[in-house]
Amino acid sequence: MELQQMRYVVAVAETNSFTRAAERCLVVQSALSHQIARLERELGARLFARTSRRVQLTAAGEAFLPAARQCLDAAERAAAEVAAAVGEVRGRLAVGLIPTVSAADIPDALGDFRRRYPQVRISLRVGASDDLLDQVRDGTLDVAFLGLPTTAHPQGVAAHELGRDHLVAMVSPDHPLAGASTVDLHRLSAEVFVDLPAGTAGRIQSDQAFAAAGLTRDVAFEITTTDFIPRLVGRGLCVAMLPAAYAPRFAGVVTLEIVDAPARVEYVVWSRFARTPAASAFLGVLGIPGEPTTREPTAGKPGRTPPIPGAASGAAGSVSAATTTPGDRS
């Protein structure tokens with residue numbers, strides 16, 4: 001069994017095509033097909049079910065794929081460690097971040113990193129804090145930037161607190177509240193909201209605040225990216241709550257301070273067990289200490305974010321929770 005054969009299997013699984021996989025791997029299709037057939041004979045099982053129209057993994061292929069990815073990642077890490085031992089940083093840097101990260105200038109940091117370490121392949125994905133945490137723990141991501149309620153802490157990873165922020169309200173210019181300088185949660189509870197999907201860390205911070213105040217609200221618009229928020233708010237369809245440091249990016253809306261505003265904490269997290277040389281170098285670019293500066297709570301039983309009234313079941317985040325206080329949010 002060879003690493004190249006594993007690369008071919010992963011490529012076919014990700015493209016669902018022998019032709020596209022061969023193009024990705026820069027080989028002719030016959031060579032790729034031959035190597036996969038050799039591997040299947042060695043394993044004694046078919047990895048792919050092939051028809052004239054589609055290619056899909058068999059049960060054996062589904063079992064083989066994650067192990068193959070782990071082997072390829074391990075080989076890449078081994079090569080990177082050797083390079084680091086002789087003073088070079090190579091390999092990959094996989095970074096994840098929430099859409100509203102504001103405590104660090106990620107594009108600037110990545111640009112600085114690329115200039116210092118041009119031989120590292122950088123990848124970036126945007127997602128919810130809970131998903132990013134899972135991907136750091138399973139090794140898919142090397143580093144991630146999260147926003148969590150003040151009642152929660154990243155669990156199962158090394159973490160460094162980047163900063164704290166509070167939420168502000170956003171309304172349309174012709175909204176009755178547009179002329180005010182402040183607003184409270186009680187007044188906002190009468191409005192229709194746009195927010196992230198129920199159960200995500202970004203949504204939980206708001207839901208906790210309203211629940212702690214004994215209030216409910218109508219979230220009629222659920223989105224997965226913040227880019228759509230100012231368009232909905234600007235047309236008077238709804239109101240929104242976003243981190244104060246992030247809100248100025250949007251034009252065509254009015255921002256109000258919330259007197260009992262929810263708060264959130266931004267973290268950068270990385271693996272406690274398998275930090276790559278590239279991840280260490282990137283943390284160095286950010287000026288982050290080599291050791292985590294925040295610790296997981298020792299009191300209580302580790303678990304997931306506490307359920308919020310009205311939140312979707314099973315969607316809460318992979319964080320440990322502390323006691324909820326009025327106004328907390330991430």
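Every read-out reported here was derived from the displayed coordinates using simple, explicitly stated rules and does not represent laboratory data. The structure displayed is predicted, hence computed values, not measured ones. Here Cβ is always computed from backbone atoms with ideal geometry, including for glycine, and neighbour counts include all displayed protein chains.
What to note about this one:
- Of the peptides 121-133, 53-65, the ranking by mean beta-carbon count within 10 Å, highest at the top, reads 121-133, 53-65.
- Basic side chains Lys and Arg get +1 at the Cβ, acidic Asp and Glu get -1 at the Cβ, and with that the dipole of the chain about its Cα centre reaches some 1100 debye.
- With the convex hull drawn over the C-alpha atoms of the chain, the volume per residue is 170 Å³.
- Dipole magnitude for the range 3-84: about 380 debye, using +1 per Lys or Arg Cβ and -1 per Asp or Glu Cβ, origin at the Cα centre.
- 3J(HN,Hα) along the range 149-159: x, 5, 8, 10, 9, x, 10, x, 9, 7, 9 Hz, from the Karplus curve 6.51 cos²θ - 1.76 cosθ + 1.60 with θ = phi - 60°, whole Hz, x for Gly and Pro.
- In the distance distribution for the range 163-263, Cα-Cα pairs more than 21 Å apart total 22 percent.
- 25 °C / 0.890 mPa s Stokes-Einstein diffusion coefficient of the range 168-222, Kirkwood radius on C-alpha pairs, µm²/s: 204 µm²/s
- Degrees separating the helix 201-212 axis from the principal Cα axis of the chain, which is the longest one: 30 degrees
- DSSP bridge orientation in the chain - percent antiparallel, rounded to nearest 5: 60 percent
- Positive-end extreme of charge dipole, the chain - chosen from T200, L110, A67 (charges on Cβ): A67
- Placing unit charges on the Cβ atoms of the charged side chains and taking the dipole of the chain about its Cα centre, the candidate lying farthest along the positive direction among A45, L256, S17 is A45.
- Order of L39, L93, L26, L215 - criterion: other Cβ atoms within 10 Å of each residue's Cβ, fewest first: L26, L215, L39, L93
- Between amide H atoms placed 1.01 Å from N, distances below 5 Å from V168 occur with L242, A244, all of them 5 or more places distant or on a separate chain.
- Charge dipole of the chain about the Cα centre (unit charges at C-beta), most positive-ward option of V233, A279, F145: A279
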